[in-house]
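So the structure is just underneath, and the comments pick up after that.
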Amino acid sequence: MMKPFKSIFIAIVAVVLLNACSPAGGENTGSEYMADMAHSIAYESNVYTYYHYNTWDSASTFKRKAFSNPNLPVHGTIPRGYAGLYYATGPEAQKAMMEHLHGMNAINAISVPLNGNVPYYYADTNEDRARATAEIISNPFPITDEGLARAKVLYNTFCGICHGEKGDGLGYLVSDENKNAKYPAQPANLLDSAFVNSSNGRYYHAIMYGLNTMGAYPDKLSFEERWQVIHYVRSLQAASKNLIYSEKANTLNPQFGVPGSVVQAAAKQVSDAAEQPAEGATDTQEQQHGGGH
Ligand code: HEC
């Protein structure tokens, strides 16, 4: 009498067990008996909860976040292909610098095309604003007509709406011609002598972090564009004083920028468009990698 019940019971247990071990698929991670070491832990770098999916104990010395977010580059890293030097004082210096940057100085050197970027070591604090103002003096790019023309567009797009096309702080967002002007703060009058006399670092810092109601622009302006915009602001300041700030001359303040006509442009192509390494450099690399990649 008990026999049929026993077989039915065994059958049910078997079905449950088989079902429990059914293979993973889709959203179902499946189940494993004695799963430890059956497979390796997958590092899902962009899945915040990856650790849940891939471990069986709750005791871990790792902090999830350390694995699950894309990491910042090592402090002080300059990405390959980025260098912040753009001009030299003469043909000899330029040749030496280009050879160095293009890796011709040593058999195992790495060629660095000049498309320009440097890490920024200043924090968004008042002390660091002052430090940037004191320490960042020269514009790494020479003043060029081409750069000023590009920067004019950038300035009018990103800055002029507040600071005014002339730099006088009377941009459309706060001007009388805008009947709906509601912007709560007065944009700085960049033609004020306080700003004319300020070093380039104050501008660079303002672009990197903004200030109070002004937002930050590092994601909208590349390294090179930031510096071109600063050149452009200087040219507006010069214009307001009937001085010259151009490729030909700089009578505003020699510290702020070097006219392109008096220096050798190290990189003709200074925009962010990829610059090809010099031919010699490619050769050096190919030898090094045993015939290219
Ligand atoms: C939405 C309006 C707005 C835009 C756009 C804007 N600014 Fe400003 N900016 C301000 C205001 C407002 C201040 C004054 C902030 C204060 O002193 O509290 C200011 C201040 C500054 C200062 C002075 C910082 C200091 O050290 O006192 C600089 C330099 C500056 N802006 C440059 C720029 C540049 C360059 C751009 C374009 C990339 C730009 N701003 C875009 C509103 C703006």
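Scanning segment 181-198 for residues that are farther than 20 Å from Ile136 by Cβ, near the ligand (Cβ under 10 Å from one of its atoms) and modelled with pLDDT of 90 or more returns Pro187, Asn189. Restricting attention to segment 185-194, does a residue exist that is under 16 Å from the mean Cα position of the chain (by Cα) and in contact (Cβ under 8 Å) with a residue 24 or more places away in the chain? No, segment 185-194 contains no residue that is under 16 Å from the mean Cα position of the chain (by Cα) and in contact (Cβ under 8 Å) with a residue 24 or more places away in the chain.
Report yes if some residue within segment 204-225 is within 6 Å of the ligand (Cβ to nearest atom) and part of a helix (DSSP H, G or I); otherwise report no. Within segment 204-225 (the criterion being within 6 Å of the ligand (Cβ to nearest atom) and part of a helix (DSSP H, G or I)), the answer is yes, since at least one residue qualifies. The residue that is nearest to Leu221 (Cα to Cα), counting only those in segment 140-180 that are touching a Gly at 6+ places or on another chain (Cβ under 6 Å) and near the ligand (Cβ under 9 Å from one of its atoms), is Gly160.
Inspection of segment 229-239 identifies no residue that is in contact (Cβ under 8 Å) with a residue 24 or more places away in the chain, on the phi > 0 side of the Ramachandran plot and either within 9 Å of the ligand (Cβ to nearest atom) or part of a helix (DSSP H, G or I) (or both).
Lys248 passes every criterion in (1) within 11 Å of the ligand (Cβ to nearest atom); (2) outside any helix (DSSP H, G or I); (3) among the charged types (D, E, K, R) apart from (1).
Note down all Cβ pairs under 6 Å where the first residue falls in segment 92-105 and is closer than 13 Å to Val263 by Cβ, the second is of a type in the set (Lys, Arg), and they're at least six residues apart or on different chains. Matching pairs, first to second residue: none at all. For segment 177-203, a residue qualifies if it is assigned to a helix (DSSP H, G or I), buried (at least 16 other Cβ atoms within 10 Å of the Cβ) and among the aliphatic types (A, V, I, L, M), and exactly one does: Val196.
For Phe256, the criteria (1) at pLDDT 90 or above; (2) not in a loop (DSSP other than H, G, I, E, B) hold in every case but one, which is (2). The requirement of being under 16 Å from Ile230 (Cα atoms), acidic (Asp, Glu) and at pLDDT 70 or above is fulfilled nowhere in segment 112-130; no residue meets it.
The values are calculated or read from the model by the stated rules, or taken from the named source; none is laboratory data. Source: prediction; values computed, not measured. In this analysis, Cβ positions are derived from the backbone assuming ideal geometry, glycine residues included, and neighbour counts consider all displayed protein chains.
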